[in-house]
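Coordinate-derived values only; no laboratory data. It should be emphasised that the depicted structure is a prediction, and the values quoted were computed from it without experimental measurement. Don't worry about glycine lacking a Cβ; one is built from the backbone with ideal geometry, like all the others, and counts go over all protein chains shown.
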Amino acid sequence: MDNRRPTAFVSYSWDGEEHESWVHKLVNRLRSDGSGVDASFDKFELFDKTVNLNQMMVKAMRDNDYVIVVLTENYGIRADNFQGGVGFEAELLLGDLRRDKDRIIFIMRHLGNFEGVFPSYLRDYYAIDFTNDGKFESKFEELVHRIYRYNKYEKAPLGSQPNFLSGKAQHMAGNDHLHLSTKNENQDFASYSTFIVPKSYTDLEKEEFLRSNYNDIKQRFTQLFEYVKTQTTGFVYQLDEDSSKKLIFKLYIHGHHKTSLKMLIGGFSHSSPTINFTFGSHSMQGDNSFNEMVSIEEKDNQLRLRMLMNFRGSTDSIQPDDIVKQIWEDHLLPYLKN
């Protein structure tokens, strides 16, 4: 590893002053001699200057090498219901888990309900258990090893096979009907044409794929609007979120409503799931009409996104960033300029 210090941001829920103090001590312990991790948490910035909390969270989770998530029962409840700052962080985490899950390190401080500390969508992940303070040092060592990606369990090289296998091979060679080795038998078929059975994705896999991309698109729009606020005087936005699968962004210039963007997950009950978009300055109350639809297609044994009503004419697979860019340039920016 090079001499650059690894950076880490510690994410946690407000469970009281005692829990916050524990997190603070963990952060400073990571920064101390023998660890040398450039660790931080929200309180380091909140008392230094005026901070936009969501913008701070996006920057911290984007710019650090690692995000250390402290799981507690309260964190699990808030993340499952996408409540407050924990809910916002959880949505950012979902995108990172899909793109680069090794950046995320889970640790836990549970009070008895082991499963309760995990949001429903994180229950298959491993977490370092910091519950027992008597084992803090060994668990902290595990955390530091994880950050530096140093595995103390060294894998031994493969040795020679046991002698009895060579005797068995000689015995097999003496039988006329087994005179070919397995290796030679396989080589006989090397020139034959074969086939690949395409992967069949379940309805659940498709729904989870679409929900993950829905959260990615929401995150990218939020980051975009936060950036526009820093570049355009008078621009503000509001986010109204009815549920985990429906939201409306309202965009304003000097307090005047210019346009809105509605995102809605649909199609679960009748067909393949889709993400439906509606934009414009009109009412967003009805859910039966929309201007753009993103669906799922299976291509090259993978799930991909596709914009079905894209007037640019492209039918190729598309990424969340492409969707956000096209909707911004073609449907939102023109309203804001007028």
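Under 1.5 on a/c is rounded, so check that first for the stretch 1-74, then, if it is not, pick prolate when a/b is larger than b/c and oblate when it is not; a ≥ b ≥ c are the square roots of the alpha carbon gyration tensor eigenvalues. The shape class here is oblate. Distant-in-sequence amide contacts of V69, defined by a placed amide H-H separation under 5 Å and a gap of 5 or more residues or a different chain, comprise S11, I105, F106, I107.
How big is the shadow of the Cα convex hull of the stretch 7-148, averaged over all directions, in nm²? Mind showing how you got there, number by number?
Details: hull surface 33.0 nm².
Its average projected convex-hull area is 8.2 nm².
Computed from label points 7 Å out along Cα-Cβ, the spacing between E141 and S200 is 5.0 nm. The aspartates and glutamates within cross-link reach of K246, meaning a Cα-to-Cα straight distance under 12 Å and a gap of 8 or more places when in the same chain, are D287. Please label the shape of the stretch 97-151 as rounded, prolate or oblate, based on the square roots a ≥ b ≥ c of the eigenvalues of the alpha-carbon gyration tensor (a/c under 1.5 means rounded; beyond that, a/b larger than b/c means prolate, else oblate). Verdict is oblate for the stretch 97-151. Using the Karplus relation 6.51 cos²θ - 1.76 cosθ + 1.60 with θ = phi - 60°, the per-residue 3J(HN,Hα) values for the stretch 120-129 come to 4, 8, 10, 6, 8, 9, 7, 10, 6, 8 Hz, with x marking Gly and Pro. Using C-alpha pairs under 8 Å with a sequence gap of at least 6, the mean separation divided by the residue count of the stretch 7-148 gives a relative contact order of 24 percent. Each residue, E154 and S212, gets one label point 7 Å from its Cα in the Cβ direction; the gap between the two is 3.6 nm.
Which entries of K218/K337; K59/K250; K101/K155; K229/K325; K155/K299; K25/K59 have Cα-Cα distances beyond 27 Å here?
On the way: K218/K337 23 Å; K59/K250 23 Å; K101/K155 23 Å; K229/K325 17 Å; K155/K299 38 Å; K25/K59 23 Å.
Check vs 27 Å cut-off fails for K155/K299.
Using a simple spin-label model with pseudo-atoms 7 Å out from Cα toward Cβ, H254 and R304 lie 4.6 nm apart. By the gyration tensor of its Cα atoms, with a ≥ b ≥ c the square roots of the eigenvalues, what is the shape of the stretch 203-337: rounded for a/c under 1.5, prolate for a/b over b/c, or oblate? Prolate shape, in that a/c is at least 1.5 and a/b is the bigger ratio.
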